[in-house]
Amino acid sequence: MITLEDFEKVEWRVGTIIAAAENKKARHSAYALTIDFGPEFGVKKSSAQITDLYQPEQLVGRQVVCCVNLTPMHIGSVKSEVRILGVDSPGGVVLLRPDEAVENGIRIY
């Protein structure tokens, strides 16, 4: 178990994918994504293994839920600054997203 204080340290925010392309240097099939988190957090990069269910053109304009305060890591040629949240399904990873459009950068509690 973690404390409420620990839980509140994790920062989840909503952003909009503005670019998506194959991450050619990743060990496993992945996309390099550019995500807009609004004026306060700006634009961030990420790499996500979501190629089973999504094509790059389907991702542009889609809002996603991300953890924005983990240590960045390099995945292939991409410095992944945020982690996109998704769930495993029999067909592949399904992205988490709001039911309706919300402001980029809004915090999830």
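General observations
- Scope the stretch 76-86; condition open to solvent by less than 70 Å² (accessible area, probe 1.4 Å), of a type outside the set (S, T, N, Q) and at pLDDT 95 or above; matching residues: VAL78, GLU81, VAL82, ARG83, ILE84, LEU85, GLY86
- Meets criteria (free of Cβ contacts under 8 Å to residues at least 60 places away in the same chain, out of contact with any helix residue (DSSP H, G or I) (no Cβ under 6 Å at 6 or more places or on another chain) and within 21 Å of VAL10 (Cα to Cα)) for HIS74: yes
- In the stretch 90-102, the residues that are under 24 Å from GLY38 (Cα atoms) and in a strand (DSSP E or B) form Cβ pairs under 9 Å with partners that are open to solvent by less than 40 Å² (accessible area, probe 1.4 Å) and hydroxyl-bearing (Ser, Thr, Tyr), at six or more places apart or across chains, as follows: LEU95/TYR54.
- Considering only residues in the stretch 44-73 that are hydroxyl-bearing (Ser, Thr, Tyr) and part of a strand (DSSP E or B), the one that is most open to solvent (accessible area, probe 1.4 Å) turns out to be SER47.
- Top-ranked residue in the stretch 1-43 [being in contact with a strand residue (DSSP E or B) (Cβ under 6 Å, 6 or more places away or on another chain) and hydroxyl-bearing (Ser, Thr, Tyr); ranked as surrounded by the fewest Cβ atoms within 10 Å (Cβ to Cβ)]: THR34
- Scanning the stretch 89-108 for residues that are open to solvent by 50 Å² or more (accessible area, probe 1.4 Å) and not β-branched (Val, Ile, Thr) returns PRO90, LEU96, ARG97, ASP99, GLU100, ALA101, GLU103, ARG107.
The values are calculated or read from the model by the stated rules, or taken from the named source; none is laboratory data. Source: prediction; values computed, not measured. Note that each Cβ is placed from the backbone with ideal geometry, even for glycine, and that neighbours are counted across all protein chains shown. Heads up: the accessible areas ignore ligands, DNA and RNA and are worked out on the full protein's heavy atoms, side chains in. Shrake-Rupley method; radii C 1.70, N 1.55, O 1.52, S 1.80 Å.
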